[in-house]
Amino acid sequence: MYVLAAIAAITYTTGRPNHHALMPLLSESPEQVAAANSVSSLSEGIGYTAGGILAAALADAGAGAVFTAAAAALLLGAFLTLGVSA
């Protein structure tokens with residue numbers, strides 16, 4: 001568990017600076033930067049809250065529900081990236 005927590009912390013600390021560095025480059029005005037940062041923070045907070053609730057519900061439902069949810073998330077992620085072009 002400690003190894004997984006360390007990996008999560010490393011990916012978080014290397015990903016967030018990139019996210020914040022790219023935000024001004026993708027925006028056309030300072031107002032858009034502020035709005036994008038607000039939406040980003042809001043969606044992150046919602047994700048933390050909903051993720052904790054979903055994790056508790058899945059843990060209560062059992063291992064089969066956890067694997068089913070993980071497979072569904074993997075398929076959804078694969079489907080959503082089909083339209084991304086290089």
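What to note about this one:
- Looking across the range 1-38, the residues that are among the hydrophobic types (A, V, I, L, M, F, W, C) and surrounded by 10 or more Cβ atoms within 10 Å (Cβ to Cβ) come down to 6, 7, 8, 9, 10, 22, 23, 33, 34, 35, 36.
- Options 54, 82, 76: the member that is over 13 Å from the mean Cα position of the chain (by Cα), in a loop (DSSP other than H, G, I, E, B) and not small (Gly, Ala, Ser): 82
- Some residue of the range 25-41 being among the aliphatic types (A, V, I, L, M), without any contact (Cβ under 8 Å) to a residue 60 or more places away in the chain, out of contact with any Pro (no Cβ under 6 Å at 6 or more places or on another chain) and not in a helix (DSSP H, G or I): no
- Within the range 44-64, being surrounded by 10 or more Cβ atoms within 10 Å (Cβ to Cβ), of a type in the set (Gly, Ala, Ser) and within 23 Å of residue 8 (Cα to Cα) holds for 45, 47, 50, 51, 52, 55, 56, 57, 59.
Bear in mind these aren't lab numbers, they're just calculated from the coordinates by the rules spelled out. Remember, predicted model here, so these are calculated numbers, not experimental data. Cβ sites come from the backbone with ideal geometry, for glycine too, and all protein chains shown count toward neighbours.
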